[in-house]
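See below for the structure under consideration.
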Amino acid sequence: MSKILVNINGVDYSAESGKMVLKVANENGIYIPTLCHFEGIKPQGSCRVCTCKIDGRNMTACTTPASHRMVVVTDTAELEKIRATIIELLFAEGNHFCPACERSGNCELQALAYRYKMMVPQFPYLFPAKDLDAKNPKIMIDHNRCILCKRCIRRKLEPDNPSWFVFKNRGNKTQINLDHELTADFDDELAQKAMDTCPVGAIIRKEKGFDVPIGERKYDKNPIGSDIENKGVTS
Amino acid sequence: MSKPIIATTSLAGCFGCHMSLLDIDERILDLIELVEFNKSPIDDIKTFTKQCDIGIIEGGCCNSENVHVLKDFRKNCKTLVVIGECAIMGGLPAMRNNNAPISECLEEAYLNCVSVQANEEKIIPNDEELPMILDRVYPCHEIVKIDYFLPGCAPRADLIWNALVALVTGNEMDLPYEVIKFD
């Protein structure tokens, strides 16, 4: 691939042509928040949290390929406001009871709320009627916490198999659905993989949880993205 | 200048946030120097005896008494600060907002639950002395105007302390990453 120059936040970086802006930024120690993006699967650009000013327009960094002399701005006050508002909307439209969630402390949605210092969403809580699906012997799906990022559907847990998760219904009735026949013999490893794919606590392993004490969990001390910001330039 | 006056209360909460307030350790001695407490479980003053500067609310509103107390606080306090997830979004009591109508919740609690053993007459408490349970649990800011929100379950002692110091001194609040937590 040919080398190009991309200007991110006023600094020119060398990058491979066609690589997504998000990846170029991350490789150069610049963090752009993401939710629906998952390393290794095709980006979708649905959560809009990675919105950046790219050549003067608001575009999602995870789905925009870098091109020569592209100008990217990742952290203006306006962009931060957009991102914080998206996080607030997600908290208001689901039932996110953090104190009772197994994923608390390791949750990407919660970590972004911490990063943006969300004290309370500016929107009224909807308290939508949602339920649990605990039929599978290994994993449980809690629709209350799902943010419909589609990561579990897009990621193939095993290379040969199709996804075991699908979307059901449409609009505000949309929810993820698990194929119970195909996943009846789920082992612990696959269950863990499914849980790790989920950014929130919507996919949870059964008989597991709360095993890391408060204060030692992933986002207790270090904000999400601090690993990228601290590692600096990698390529 | 007279000391700022603080009132506190616990609505539909577990008193964990008040415990966290006490968790400021020896700084509580500084706090007593800085402020005066009025209506609060800490000094057991039951009704407002004067106008207060800061009202601290723990817990959301799940019954008519909670709403009454909250409105009373709004009337008697210049600044209202809600602390904890329950006050901010209903918290664990608000888990009943999700699906079930209130009748179903009461039947589950008093009639059908596996741990119900001694309710042979099948009584669901409904005395007129008891506060009326609301249709769902309401966050405080859906009932009255709230000025500041401090999240956490319970909010870290440092968060409450920093907020109180900022309010009393009028300086900007110190908000390190470690103190904003939702659990």
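Sort out which residues of segment B:1-28 are part of a loop (DSSP other than H, G, I, E, B), closer than 13 Å to B:Ile83 by Cα and not aromatic (Phe, Trp, Tyr), and write them in order of number. Give the steps one after another, and end with the answer.
Initial filter on segment B:1-28 (part of a loop (DSSP other than H, G, I, E, B)): B:1-4, B:11, B:13-15, B:23-26.
Cutting the leftovers down to closer than 13 Å to B:Ile83 by Cα gives us B:11, B:13-15.
Within segment B:1-28, B:Leu11, B:Gly13, B:Cys14 qualify.
Please go through segment A:201-223 and give me each residue that is part of a helix (DSSP H, G or I) and either surrounded by 17 or more Cβ atoms within 10 Å (Cβ to Cβ) or more than 9 Å from chain B (Cβ to nearest Cβ) (or both), ordered by number. Give the steps one after another, and end with the answer.
Looking only at segment A:201-223, we keep the residues that are part of a helix (DSSP H, G or I), and these are A:218-221.
Residues satisfying the conditions are A:Lys218, A:Tyr219, A:Asp220.
Can you tell me which of B:Asp158, B:Asp135 is outside any loop (DSSP other than H, G, I, E, B), under 16 Å from B:Leu31 (Cβ atoms) and either within 12 Å of another protein chain (Cβ to nearest Cβ) or of a type in the set (Asp, Glu) (or both)? It would help to see each step written out before you state the result.
Working: B:Asp135 fails: under 16 Å from B:Leu31 (Cβ atoms).
Just a single option satisfies the conditions, and that option is B:Asp158.
Of the residues A:Ile41, A:Ile32, A:Ile8, which is out of contact with any Leu (no Cβ under 7 Å at 6 or more places or on another chain) and either crowded, with 17+ Cβ neighbours inside 10 Å or of a type in the set (Asp, Glu) (or both)? Can you show your working first?
Values: A:Ile41 fails: either crowded, with 17+ Cβ neighbours inside 10 Å or of a type in the set (Asp, Glu) (or both); A:Ile32 fails: out of contact with any Leu (no Cβ under 7 Å at 6 or more places or on another chain).
Going through A:Ile41, A:Ile32, A:Ile8 in turn, the sole match is A:Ile8.
Condition first: assigned to a loop (DSSP other than H, G, I, E, B) and acidic (Asp, Glu). Now tell me which residues in segment A:181-200 satisfy that. Working first, answer last.
Of segment A:181-200, the ones assigned to a loop (DSSP other than H, G, I, E, B) are A:181-187, A:198-200.
Correct list: A:Glu181, A:Asp185, A:Asp187.
Matching residues to (1) touching a Pro at 6+ places or on another chain (Cβ under 8 Å); (2) crowded, with 21+ Cβ neighbours inside 10 Å; (3) at pLDDT 95 or above; (4) not assigned by TED's automatic domain parsing to the domain that holds A:Thr34:
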residue	(1), (2), (3), (4)
A:Leu112	yes, yes, yes, yes
A:Arg115	yes, yes, yes, yes
A:Cys152	no, yes, no, yes
A:Leu157	no, no, no, yes
A:Lys168	no, no, no, yes
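Is there a residue in segment B:93-103 that is more than 30 Å from B:Ala7 (Cα to Cα), more than 11 Å from chain A (Cβ to nearest Cβ) and either in contact (Cβ under 8 Å) with a residue 40 or more places away in the chain or outside any strand (DSSP E or B) (or both)?
Restricting attention to segment B:93-103, the residues satisfying the condition of being more than 30 Å from B:Ala7 (Cα to Cα) are B:98-103.
Still in the running and more than 11 Å from chain A (Cβ to nearest Cβ): B:102-103.
Next cut, either in contact (Cβ under 8 Å) with a residue 40 or more places away in the chain or outside any strand (DSSP E or B) (or both) only: B:102-103.
Within segment B:93-103, one or more residues are more than 30 Å from B:Ala7 (Cα to Cα), more than 11 Å from chain A (Cβ to nearest Cβ) and either in contact (Cβ under 8 Å) with a residue 40 or more places away in the chain or outside any strand (DSSP E or B) (or both).
Being part of a loop (DSSP other than H, G, I, E, B), surrounded by fewer than 19 Cβ atoms within 10 Å (Cβ to Cβ) and among the aliphatic types (A, V, I, L, M) is the filter here, so list the residues in segment B:161-183 that pass it. Steps first, answer last, please.
To start, the set of residues in segment B:161-183 that are part of a loop (DSSP other than H, G, I, E, B) comprises B:170-176, B:180-183.
Checking which are surrounded by fewer than 19 Cβ atoms within 10 Å (Cβ to Cβ) leaves us with B:170-176.
Selection gives B:Met173, B:Leu175.
Taking the condition loosely packed, with under 12 Cβ neighbours inside 10 Å and either part of a loop (DSSP other than H, G, I, E, B) or not assigned by TED's automatic domain parsing to the domain that holds A:Cys198 (or both), does A:Ala129 pass?
Details: loosely packed, with under 12 Cβ neighbours inside 10 Å: no; either part of a loop (DSSP other than H, G, I, E, B) or not assigned by TED's automatic domain parsing to the domain that holds A:Cys198 (or both): yes.
No; evaluated as a whole, the condition is false for this residue.
Considering each residue of segment A:106-116, count those that are in contact with a helix residue (DSSP H, G or I) (Cβ under 7 Å, 6 or more places away or on another chain) and either more than 8 Å from chain B (Cβ to nearest Cβ) or under 14 Å from A:Arg145 (Cβ atoms) (or both), and give that number.
At the first step, the residues of segment A:106-116 found to be in contact with a helix residue (DSSP H, G or I) (Cβ under 7 Å, 6 or more places away or on another chain) are A:106, A:109-114, A:116.
Those left that are additionally either more than 8 Å from chain B (Cβ to nearest Cβ) or under 14 Å from A:Arg145 (Cβ atoms) (or both): A:106, A:109-113, A:116.
Number satisfying all stated conditions: 7.
Quick one: is A:Lys135 at the interface with chain B (Cβ under 8 Å from one of its Cβ atoms), touching a His at 6+ places or on another chain (Cβ under 8 Å) and over 25 Å from A:Pro223 (Cα atoms)?
On the way: at the interface with chain B (Cβ under 8 Å from one of its Cβ atoms): no; touching a His at 6+ places or on another chain (Cβ under 8 Å): yes; over 25 Å from A:Pro223 (Cα atoms): yes.
Considered against the rule, which asks whether it is at the interface with chain B (Cβ under 8 Å from one of its Cβ atoms), touching a His at 6+ places or on another chain (Cβ under 8 Å) and over 25 Å from A:Pro223 (Cα atoms), A:Lys135 comes out as no.
I'm trying to understand the selection: among the residues of segment B:42-65, which are at pLDDT below 95 and in contact with a Ser or Thr (Cβ under 9 Å, 6 or more places away or on another chain)?
Residue satisfying the conditions is B:Ile42 alone.
If you go through segment B:56-71 one residue at a time, how many are crowded, with 17+ Cβ neighbours inside 10 Å and among the charged types (D, E, K, R)?
Residues flagged as crowded, with 17+ Cβ neighbours inside 10 Å and among the charged types (D, E, K, R) within segment B:56-71 amount to 1.
Could you give me the residue pairs with C-beta distances under 7 Å whose first residue belongs to segment B:21-44 and is in contact (Cβ under 8 Å) with a residue 40 or more places away in the chain, whose second residue is surrounded by 14 or more Cβ atoms within 10 Å (Cβ to Cβ) and of a type outside the set (A, V, I, L, M) wherever it lies, and which are 6+ apart or on separate chains?
B:Ile24/B:Trp161; B:Arg27/B:Trp161; B:Val35/B:Pro4
Can you name every residue in segment B:1-50 that is closer than 16 Å to B:Leu150 by Cβ and of a type in the set (Val, Ile, Thr)?
Within segment B:1-50, B:Ile6, B:Thr8, B:Thr9, B:Ile24 qualify.
Quick one: how many residues across segment B:29-56 are under 20 Å from B:Gly170 (Cα atoms) and in a strand (DSSP E or B)?
7
Would a scan of segment A:168-186 turn up a residue that is in contact with a helix residue (DSSP H, G or I) (Cβ under 6 Å, 6 or more places away or on another chain) and not β-branched (Val, Ile, Thr)?
no
Can you pull out the residues in segment A:142-163 that are touching a residue at least 40 places away in the same chain (Cβ under 8 Å) and in contact with a Lys or Arg (Cβ under 9 Å, 6 or more places away or on another chain)?
Answer for segment A:142-163, where residues must be touching a residue at least 40 places away in the same chain (Cβ under 8 Å) and in contact with a Lys or Arg (Cβ under 9 Å, 6 or more places away or on another chain): A:Asp142, A:His143, A:Asn144, A:Arg145, A:Cys146, A:Arg154, A:Arg155, A:Leu157.
The values are calculated or read from the model by the stated rules, or taken from the named source; none is laboratory data. Since this is a predicted model, take the numbers as computed values, not measurements. Positions of Cβ are generated from backbone atoms using ideal geometry, with glycine treated the same way; all protein chains shown enter the neighbour counts.
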